[in-house]
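The next block holds one structure in the form of C-alpha coordinates; read it before the comments.
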Amino acid sequence: MEIENKKIQKWLAEKKEFTFLDVRRDDERELCHLGGLHIPLHELETRFQEIPRDKLPLIVYCHHGVRSLYATQFLKYQGHDALSLRGGIDAWSLEIDPAVPRY
(Lines give C-alpha, C1' and ligand atoms only; values in the text may rest on other atoms or scores of the structure.)
Protein backbone atom coordinates (compact mmCIF):
# COMPACT_ATOMS: atom_id res chain seq x y z
CA MET A 1 0.00 0.00 0.00
CA GLU A 2 3.08 2.28 0.32
CA ILE A 3 5.88 3.11 -2.07
CA GLU A 4 9.40 4.28 -1.27
CA ASN A 5 10.70 7.66 -2.37
CA LYS A 6 13.67 6.07 -4.16
CA LYS A 7 11.29 4.05 -6.34
CA ILE A 8 9.43 7.21 -7.41
CA GLN A 9 12.75 8.94 -8.07
CA LYS A 10 13.65 6.03 -10.37
CA TRP A 11 10.26 6.20 -12.10
CA LEU A 12 10.76 9.93 -12.72
CA ALA A 13 14.19 9.26 -14.25
CA GLU A 14 12.67 6.53 -16.44
CA LYS A 15 9.74 8.81 -17.37
CA LYS A 16 7.27 6.18 -16.16
CA GLU A 17 3.74 7.51 -16.27
CA PHE A 18 1.90 7.97 -13.00
CA THR A 19 -0.13 10.67 -11.31
CA PHE A 20 0.74 12.44 -8.07
CA LEU A 21 -2.23 13.25 -5.84
CA ASP A 22 -1.66 15.72 -3.03
CA VAL A 23 -4.26 15.31 -0.27
CA ARG A 24 -2.93 18.09 1.98
CA ARG A 25 -4.81 21.27 2.83
CA ASP A 26 -4.65 24.29 0.51
CA ASP A 27 -2.32 26.20 2.84
CA GLU A 28 0.14 23.28 2.87
CA ARG A 29 0.05 23.02 -0.91
CA GLU A 30 0.96 26.71 -1.17
CA LEU A 31 4.16 26.05 0.82
CA CYS A 32 5.45 23.30 -1.47
CA HIS A 33 4.28 20.45 -3.67
CA LEU A 34 5.45 17.73 -6.05
CA GLY A 35 3.01 18.63 -8.80
CA GLY A 36 0.08 16.57 -9.94
CA LEU A 37 -3.49 16.79 -8.75
CA HIS A 38 -4.61 18.44 -5.55
CA ILE A 39 -7.70 17.23 -3.74
CA PRO A 40 -7.62 17.83 0.02
CA LEU A 41 -8.47 14.71 1.99
CA HIS A 42 -11.65 16.24 3.42
CA GLU A 43 -12.92 16.69 -0.18
CA LEU A 44 -11.78 13.35 -1.57
CA GLU A 45 -15.01 11.47 -0.94
CA THR A 46 -16.97 13.92 -3.11
CA ARG A 47 -14.28 14.65 -5.73
CA PHE A 48 -12.53 11.32 -6.40
CA GLN A 49 -14.28 11.08 -9.80
CA GLU A 50 -11.97 13.90 -11.00
CA ILE A 51 -8.98 11.57 -10.79
CA PRO A 52 -7.95 10.14 -14.18
CA ARG A 53 -7.52 6.41 -14.48
CA ASP A 54 -5.23 6.53 -17.52
CA LYS A 55 -1.94 7.35 -15.75
CA LEU A 56 -1.46 4.53 -13.32
CA PRO A 57 -0.52 4.13 -10.62
CA LEU A 58 -1.77 7.01 -8.52
CA ILE A 59 0.87 8.14 -5.99
CA VAL A 60 -0.87 9.81 -3.06
CA TYR A 61 1.06 12.06 -0.71
CA CYS A 62 0.55 14.29 2.30
CA HIS A 63 2.91 15.78 4.89
CA HIS A 64 4.10 12.64 6.72
CA GLY A 65 2.15 9.81 5.08
CA VAL A 66 -0.80 9.32 7.44
CA ARG A 67 -3.53 11.08 5.46
CA SER A 68 -2.24 9.57 2.22
CA LEU A 69 -2.59 6.06 3.67
CA TYR A 70 -6.22 6.76 4.50
CA ALA A 71 -6.77 8.26 1.02
CA THR A 72 -5.06 5.28 -0.62
CA GLN A 73 -7.32 2.85 1.19
CA PHE A 74 -10.40 4.81 0.12
CA LEU A 75 -9.22 5.07 -3.50
CA LYS A 76 -8.42 1.36 -3.71
CA TYR A 77 -11.97 0.67 -2.55
CA GLN A 78 -13.16 2.90 -5.41
CA GLY A 79 -11.11 0.83 -7.89
CA HIS A 80 -8.03 3.03 -8.29
CA ASP A 81 -4.49 1.66 -8.46
CA ALA A 82 -3.21 3.87 -5.62
CA LEU A 83 -0.06 3.85 -3.48
CA SER A 84 0.89 6.10 -0.58
CA LEU A 85 4.25 7.88 -0.68
CA ARG A 86 6.02 6.60 2.45
CA GLY A 87 6.85 9.45 4.80
CA GLY A 88 5.07 12.04 2.67
CA ILE A 89 6.55 15.20 1.24
CA ASP A 90 8.66 15.63 4.37
CA ALA A 91 10.54 12.38 3.66
CA TRP A 92 10.81 13.41 -0.01
CA SER A 93 12.57 16.60 1.09
CA LEU A 94 14.92 14.69 3.40
CA GLU A 95 15.71 11.76 1.10
CA ILE A 96 15.34 13.02 -2.48
CA ASP A 97 15.10 16.78 -2.95
CA PRO A 98 16.25 19.15 -0.19
CA ALA A 99 15.01 22.07 -2.35
CA VAL A 100 11.46 21.08 -1.34
CA PRO A 101 10.81 23.16 1.80
CA ARG A 102 10.11 21.39 5.07
CA TYR A 103 7.48 22.67 7.43
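The values are calculated or read from the model by the stated rules, or taken from the named source; none is laboratory data. Quick caveat: nothing in here was measured; it's all calculated off a predicted structure. Cβ atoms come from the backbone with ideal geometry, glycine included; neighbour counts cover every protein chain shown.
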Can you name the residue in segment 52-80 that is β-branched (Val, Ile, Thr) and crowded, with 19+ Cβ neighbours inside 10 Å and, of all such residues, is nearest to Arg24 (Cα to Cα)?
-> Val60
What is the residue count in segment 9-51 for residues that are surrounded by 11 or more Cβ atoms within 10 Å (Cβ to Cβ) and either assigned to a loop (DSSP other than H, G, I, E, B) or touching a Phe, Trp or Tyr at 6+ places or on another chain (Cβ under 8 Å) (or both)?
-> 23
Go through segment 62-79 and give me each residue that's more than 16 Å from Glu43 (Cβ to Cβ) and touching a helix residue (DSSP H, G or I) at 6+ places or on another chain (Cβ under 9 Å).
-> His63, His64, Gly65, Val66
Restricting attention to segment 81-96, and to residues there that are surrounded by fewer than 21 Cβ atoms within 10 Å (Cβ to Cβ) and of a type outside the set (A, V, I, L, M), which single residue is modelled with the lowest pLDDT?
-> Asp81
Scanning segment 34-63 for residues that are among the β-branched types (Val, Ile, Thr) and in contact (Cβ under 8 Å) with a residue 24 or more places away in the chain, which turns out farthest from Leu83 (Cα to Cα)?
-> Ile51
For segment 64-96, enumerate the residues that are touching a residue at least 60 places away in the same chain (Cβ under 8 Å), within 19 Å of Gln9 (Cβ to Cβ), among the charged types (D, E, K, R) and assigned to a helix (DSSP H, G or I).
-> Glu95
Answer yes or no as to whether Ala99 is assigned to a loop (DSSP other than H, G, I, E, B), loosely packed, with under 15 Cβ neighbours inside 10 Å and hydrophobic (A, V, I, L, M, F, W, C).
-> yes
